[in-house]
Amino acid sequence: MNFERVELSVEDQAFLDDTRALLSSLVTDEVLRRDRETGDNFDEGVHLALGTAGYLAGEWNSEADGGFPRVRRRLWEQEKRRFHVPWVTSGTTSMVARSVQEFGSPELRDEVLPGVLSGHVRLCLGYTEPEGGSDIATCKTRAVRDGEHWVVNGAKMFTTGAHNCQYVFLITNTDPDAPKHRSLTMFLVPLDTPGIEIQGIRTVDGDRTNIVYYSDVRVDDRYRLGEVNGGWTVLREPLNAEHGAVDASADGLQDVSIMMHQGGFMVSACDRAAAIVGRSGRDGRRPVDDGSVAYRFGRSVARMEVAISTPNVFGRVALAQTMRDVAPDLMDVLGEAAALPIDTDGAIDDGASEYVYRFAPLVGIYGGTLEVFRNMIAQYVLGLGKPSYSVAKTP
Ligand SMILES: Cc1cc2nc3c(=O)[nH]c(=O)nc-3n(C[C@H](O)[C@H](O)[C@H](O)COP(=O)(O)OP(=O)(O)OC[C@H]3O[C@@H](n4cnc5c(N)ncnc54)[C@H](O)[C@@H]3O)c2cc1C
């Protein structure tokens, strides 16, 4: 790993200063409070302002197409995180926009992509279904051809951001009799089409996601992405990106694994706890002078450091698992006032560890569960073969 400091050029330093000034004017306490209340992880005003200032285009385009050069891209990623810019819907939008660029017709690209870069068009992921999401190829939402249209019926669970988006990247089943990976067709469905109903769901950490019902939704064939029954080809790339199966770049200007943003909440909780356990009380003793506090806090920090240094798909598992392991230890070390949530009087670490405690289970579910990732590592990285769930035969 390369720990060298990056010397910023005058231009890059100016970019950093401008970015910080813009974000401190945009991501106000009011924006953050509203975001916690709605659980949206998206703020339209901030998103549109970033579009106007060219940050959405800078992030999405490659350097060759006018996007940020490597160092600026890294600075931008770090500042977004430092300022807690609400991020989920921008993330799904840029992921889906790549598939639109690759598989959409020229007319569809023209309809969608300029708005993605200005911030007016947002895109969400319609993969998971109420009956199960890990094996998304078992999709039951049907699309049936009717002339130049398709008629879609079904339901999708956890379509995060649907209520703030204009289109959903929808997996449908177009041939129930075919083998499952040859039965899928992808669409980019406008969310204002009649027959679509979006209902909100709140998760344990306060995030909002949605269940979306599709009843006789008529979708023009021009919203199809890729071949009929060729949806798996369209899906592979965004799934790989979401699963963290793409290598980090060798120049060190990139997170070593995905989910580092989520891991950042654990890092802050550890930092806050460090300040508290190192502070002397009225009797002159510090909590960390107690051997059990020193042991459990030290173990938490060591685990956190290992998790944030673990690369690619292993890092994804390490971060989610470590968040689950570390949060209860931090809360125990800090005492009962650590059970109070953020912005509550008396919350000893302003709710940092309590938030990680509620957030960690989700980090090990969305985009693929920890169990599924462990199986993928066993099968594809360690070469241990396909898992067998049959009952072992006794000799
Ligand atoms: C906050 C949040 C946001 C989300 N946002 C989106 C979104 O925007 N769009 C979207 O489409 N989906 C979204 N999801 C859905 C998410 O991707 C799924 O929850 C996830 O893929 C798991 O699917 P499932 O919940 O249907 O669980 P299931 O697949 O039903 O799994 C149930 C249990 O069985 C285990 N299991 C399943 N298969 C295997 C296997 N092969 N090996 C070992 N164990 C297995 C799982 O680990 C789990 O414990 C979101 C979920 C959450 C919690």
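The values are calculated or read from the model by the stated rules, or taken from the named source; none is laboratory data. All figures in this text were calculated on a predicted structure; none of them were measured in a lab. Reconstructed Cβ throughout: ideal geometry from the backbone, glycine too, with neighbour counts over all protein chains shown. Side chains included, ligands, DNA and RNA excluded: accessible areas come from the protein's heavy atoms. Shrake-Rupley method; radii C 1.70, N 1.55, O 1.52, S 1.80 Å.
Summary of values
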{"quantity": "Solvent-accessible area of LYS140 with every protein chain in place, 1.4 Å probe, in Å² to the nearest 10", "calculated": "120"}
{"quantity": "Accessible surface, per residue, of segment 123-229 when the full set of protein chains is kept, probe 1.4 Å, Å²", "calculated": "43"}
{"quantity": "Computed [θ] at 222 nm, helices only, for the chain once each DSSP H run of length n ≥ 4 contributes -39500 (n - 2.57)", "calculated": "-14000 deg cm²/dmol"}
{"quantity": "Gained length - ASP65 relative to ASP29, 0.36 nm times residue gap less alpha-carbon distance", "calculated": "9.5 nm"}
{"quantity": "Relative contact order [Cα under 8 Å, 6+ residues apart], the chain, whole percent", "calculated": "11"}
{"quantity": "Contour excess over end-to-end distance, with Cα ends at ASP220 and ASP247 and 0.36 nm allotted per residue", "calculated": "6.1 nm"}
{"quantity": "Segment ASP343-VAL10, extension gain: residue separation times 0.36 nm, minus the distance between their alpha carbons", "calculated": "116.0 nm"}
{"quantity": "Rel. contact order, % - alpha carbon contacts under 8 angstrom, at least six apart, segment 123-229", "calculated": "31"}
{"quantity": "About the Cα centre, charge dipole magnitude for the chain (Lys/Arg +1, Asp/Glu -1 at Cβ), debye", "calculated": "1080"}
{"quantity": "Other-chain or far-sequence residues with amide H under 5 Å of TYR167's (modelled H)", "calculated": "ARG122, CYS124, LEU191"}
{"quantity": "Percent carbon-and-sulfur accessible area, the chain, ignoring ligands, DNA and RNA, probe 1.4 Å", "calculated": "53"}
{"quantity": "Sites ARG299 and PHE3, calculated FRET efficiency, Cβ-Cβ separation with R0 30 Å, nearest 0.05", "calculated": "0.80"}
